[in-house]
Amino acid sequence: MDETEFNLERAKQMEQTVHQAKMVDRITTGWDSRGALHNFYQANLRAIERGVKITRIFVVTRENLAESDFQKVLLAQYRNAIDVHIAFHDELPSTANISNRDTDSSFDFAIYDDRVVTDVFSKPGKYFGRKTSEPVEVTKYLHLYELVEHSAYAITLEDDKVILVGDVIPLAS
């Protein structure tokens, strides 16, 4: 799928999700302004209204956290009742052997009700991402999600700043 088709598919999957969505995302600014991403995020908010639990682990560098644009994304998602966590890219396991794929994970995928996965390709090319509902593939992504989740940090707010749970220093100024 190209990028527009991919984001449309993600929005469709969110609309069909009943219980939970587990997501690992590269943090990008523009969640609330880019058309396709905006529509996907709106589908997230509608899912929350239906009682769907959304957990999103943002994969970032430590430098990202000091940037105000990234703080805004984290803050908005946290305030919209998304269970937000942070994973530092340099702390994540190599995925070459974990997922039995030829390339490393993009760390930009979502699992909907443990039945369907959408994944952004890690290398740019003709296609942006893919969708699968093959049980073996979904199981691989569930395992990868657990590994990323194990490396992730919960966040909280302190004086309207996003901080890691247990940290006393805000992540941004």
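The values are calculated or read from the model by the stated rules, or taken from the named source; none is laboratory data. What you see is a predicted model, and the numbers here were worked out from it, not measured in a lab. For neighbour counting, all protein chains shown are included, and Cβ atoms are generated from backbone atoms with ideal geometry for every residue, glycine included. When the accessible area is computed, the model is the full protein with side chains, heavy atoms only, and any ligands, DNA or RNA have been set aside. Shrake-Rupley method; radii C 1.70, N 1.55, O 1.52, S 1.80 Å.
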Checklist entry - Are any of the residues in region 133-144 modelled with pLDDT of 85 or more, surrounded by 20 or more Cβ atoms within 10 Å (Cβ to Cβ) and not in a loop (DSSP other than H, G, I, E, B)? => result yes
Checklist outcome for this item: Result of the Cβ filter at 9 Å on region 127-138, keeping first residues that are under 11 Å from Asp114 (Cα atoms) and partners that are open to solvent by 70 Å² or more (accessible area, probe 1.4 Å) and not in a helix (DSSP H, G or I), at least 6 apart or interchain, is Ser133/Arg115; Pro135/Arg115; Val138/Arg115
Next on the checklist: Could you go through region 35-54 and let me know if any residue there is at pLDDT below 90, surrounded by fewer than 13 Cβ atoms within 10 Å (Cβ to Cβ), over 13 Å from the mean Cα position of the chain (by Cα) and closer than 19 Å to Ile155 by Cβ.
Outcome noted: no
Next on the checklist: Quick check on Thr28: is it assigned to a helix (DSSP H, G or I) and either under 15 Å from Asp119 (Cβ atoms) or of a type in the set (Val, Ile, Thr) (or both)?
Outcome noted: no
Checklist outcome for this item: Picking from Asp90, Asp69, Asp104, the residue that is modelled with pLDDT under 95, open to solvent by 60 Å² or more (accessible area, probe 1.4 Å), of a type outside the set (Gly, Ala, Ser) and in a loop (DSSP other than H, G, I, E, B) would be Asp104
Item to check | Hey, Ile155 β-branched (Val, Ile, Thr) and either within 17 Å of Gln13 (Cβ to Cβ) or free of Cβ contacts under 8 Å to residues at least 12 places away in the same chain (or both) or not | outcome: no
Next on the checklist: Please count how many residues of region 107-129 are open to solvent by 70 Å² or more (accessible area, probe 1.4 Å) and of a type in the set (D, E, K, R).
Outcome noted: 3
Checklist entry - Among (1) at pLDDT 95 or above; (2) under 23 Å from Ala152 (Cα atoms); (3) not aliphatic (A, V, I, L, M), which single condition is Arg62 missing? => result (1)
